[in-house]
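Engineer: My structure is below; once you've seen it, I'll send some questions.
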Amino acid sequence: MTGHDRATPRRAAVIDLDAFRHNVRTLAALAAPSETMLAVKANAYGHGMVPLAYAALEAGAGSLAVLDIPAALALREAGITAPIFAWMHDVGSDFGAAAEADIDLGISGVWQLDALAAAGASRAPRVHLKIDTGLSRNGATTEDWPGLVRAALDYDAQGVVRLHAAWSHLADASPADDAESLQRLRAAVEVAEGLGARFERLHLAASSAGIREPEARLDLVRFGIAAYGISPFDDVDGRGLGLRPVMTLKAPVAAVKRVEAGHGVSYGLTYRTDSDSTLALVPLGYADGIPRIATGHGTVWIRGRRYPIAGRIAMDQFVVDVGDAEVAVGDEVVVFGEGDRGEPTAEDWAGYAQTIGDEIVARVGPRVDRLYVGARPEGMPEAIRLERP
Ligand SMILES: *Cc1c(COP(=O)(O)O)cnc(C)c1O
């Protein structure tokens with residue numbers, strides 16, 4: 001047995017690879033015949049990039065999306081051979097390394113193509129030209145689009161790049177806004193075709209439009225948050241979409257004490273017990289991703305019941321008022337999980353913290369161990385261990 005085999009880790013995010021595979025399969029089936037690209041950016045939304053990448057490919061994703069070139073290279077280093085798409089670049093980005101590693105590049109400006117050409121790589125990577133269809137982040141403006149297309153055609157003819165796709169990203173503001181963005185993408189494609197461009201793929205939708213707007217699926221959908229079991233919508237949760245939460249965040253009770261009525265708890269003493277009560281200390285705080293703004297709203301699950309967090313959430317810890325319940329040091333505290341036993345979900349925490357479930361899982365910090373359960377993805381590096389469930 002190694003140090004990894006610990007019955008009660010101090011702080012753990014348990015990642016259920018089977019739940020993740022179920023979600024990827026569900027979404028890929030929904031989107032078919034459109035292809036599924038799975039977003040594992042931001043360390044797979046906090047879940048751990050490499051294991052989730054292997055599980056996604058096994059469950060039907062044809063390609064992976066990460067933010068930038070370093071993340072894409074890390075996936076190649078971990079043995080991933082499937083197409084990997086990266087779209088956020090800066091003047092220091094290593095376009096040459098990306099080309100050598102056959103990374104698909106999202107391209108928003110001519111300077112990126114120039115940098116790629118200047119790198120003098122021995123291979124021509126596939127490029128996906130991005131048009132800004134309303135989100136106003138990256139992507140060429142309508143004015144800059146013809147120049148970007150011409151430059152890509154030139155570099156394609158020189159063997160520096162392979163012109164592969166045109167794409168954009170939606171604002172998820174309303175179906176009408178999304179329909180307008182789709183029109184803008186189609187108009188941009190028409191302009192590009194007029195200049196001689198031929199695209200093998202068009203893509204636009206992420207989870208939200210991928211699930212609800214079939215006309216936006218085009219050739220492929222870039223699914224992210226839904227694959228982690230969290231709904232992109234306000235009117236239905238992940239379970240309502242047939243998805244399973246993938247991450248369970250937990251920690252053992254670190255201290256227990258009995259106090260009298262009127263006892264103040266945590267910084268500022270903003271909470272006072274209303275009767276004699278038992279307080280349990282949990283070693284997770286905002287440095288681990290527990291949002292401090294959830295103070296006064298958050299609940300956690302201990303021994304089959306939900307209890308309120310008492311007083312301010314601190315950097316490393318928070319306190320739970322369990323009343324007269326029997327709670328002992330070492331008891332498991334589930335901050336959020338699947339929700340099927342009644343424990344809070346990441347979506348519940350999004351409500352406590354006035355945010356979205358994406359932020360709740362993505363912000364889980366580096367002090368929290370990621371523990372993987374479920375079937376081992378084939379080909380995943382041996383160094384990544386799986387726990388027994
Ligand atoms: C994050 C991201 C996605 C995935 O979005 P979800 O809403 O999480 O499904 C897709 N495409 C781009 C460009 C993204 O930045």
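Engineer: Answer yes or no as to whether Ala152 is at pLDDT 95 or above, farther than 26 Å from Pro214 by Cα, exposed (fewer than 15 other Cβ atoms within 10 Å of the Cβ) and assigned by TED's automatic domain parsing to the domain that holds Asp104.
Structural biologist: Details: at pLDDT 95 or above: yes; farther than 26 Å from Pro214 by Cα: yes; exposed (fewer than 15 other Cβ atoms within 10 Å of the Cβ): no; assigned by TED's automatic domain parsing to the domain that holds Asp104: yes.
No, not satisfied.
Engineer: Give the range 343-389 a look and list any residue that's of a type in the set (Phe, Trp, Tyr) and more than 21 Å from His22 (Cβ to Cβ), or say none.
Structural biologist: If the condition is that a residue be of a type in the set (Phe, Trp, Tyr) and more than 21 Å from His22 (Cβ to Cβ), then Trp349, Tyr352 are the ones that fit.
Engineer: Being out of contact with any strand residue (DSSP E or B) (no Cβ under 8 Å at 6 or more places or on another chain) and surrounded by fewer than 20 Cβ atoms within 10 Å (Cβ to Cβ) is the filter here; which residues of the range 313-325 pass it? Reasoning before the result, please.
Structural biologist: Initial filter on the range 313-325 (out of contact with any strand residue (DSSP E or B) (no Cβ under 8 Å at 6 or more places or on another chain)): 313-316.
Correct list: Ala314, Met315, Asp316.
Engineer: Then there's this: On the given criteria, is Ala65 surrounded by 19 or more Cβ atoms within 10 Å (Cβ to Cβ), modelled with pLDDT of 95 or more and within 15 Å of the ligand (Cβ to nearest atom)? If you could, list the steps in order and put the result at the bottom.
Structural biologist: Numbers: surrounded by 19 or more Cβ atoms within 10 Å (Cβ to Cβ): yes; modelled with pLDDT of 95 or more: yes; within 15 Å of the ligand (Cβ to nearest atom): yes.
Yes, satisfied.
Engineer: What are the residue pairs meeting all of these: first residue in the range 29-43, first residue under 17 Å from Tyr228 (Cβ atoms), second residue assigned to a helix (DSSP H, G or I) and among the small types (Gly, Ala, Ser), Cβ atoms under 7 Å, and 6 or more apart or on different chains?
Structural biologist: Here the result reads Ala31/Gly210; Thr36/Ala28; Leu38/Ala56; Leu38/Ala227; Val40/Ala53; Val40/Ala56; Lys41/Ala71; Ala42/Ala362, each pair linking the range 29-43 to a residue that is assigned to a helix (DSSP H, G or I) and among the small types (Gly, Ala, Ser).
Engineer: Further, regarding this structure: Under the condition of being within 15 Å of the ligand (Cβ to nearest atom) and over 14 Å from Arg123 (Cβ atoms), which residue from the range 85-107 is surrounded by the fewest Cβ atoms within 10 Å (Cβ to Cβ)?
Structural biologist: Met88
Engineer: A follow-up question, please. Restricting to the range 118-138, and then to whatever is within 16 Å of Ala152 (Cα to Cα) and surrounded by fewer than 16 Cβ atoms within 10 Å (Cβ to Cβ), can you tell me which residue is farthest from the ligand (Cβ to nearest atom)?
Structural biologist: Going through the qualifying residues, I end up with Gly120.
Engineer: Going residue by residue through the range 212-230, is there one that turns out to be aromatic (Phe, Trp, Tyr), closer than 17 Å to Ala28 by Cβ and under 22 Å from the mean Cα position of the chain (by Cα)? Can you show your working first?
Structural biologist: So in the range 212-230, the residues aromatic (Phe, Trp, Tyr) come out as 223, 228.
Subsequent filtering for residues that are closer than 17 Å to Ala28 by Cβ retains 223, 228.
Those left that are additionally under 22 Å from the mean Cα position of the chain (by Cα): 223, 228.
The answer is yes, given that some residue of the range 212-230 is aromatic (Phe, Trp, Tyr), closer than 17 Å to Ala28 by Cβ and under 22 Å from the mean Cα position of the chain (by Cα).
The values are calculated or read from the model by the stated rules, or taken from the named source; none is laboratory data. Predicted model only: the values in this text are computed from it and were never measured. Positions of Cβ are backbone-derived with ideal geometry, glycine not excepted, and every protein chain shown enters the neighbour counts.
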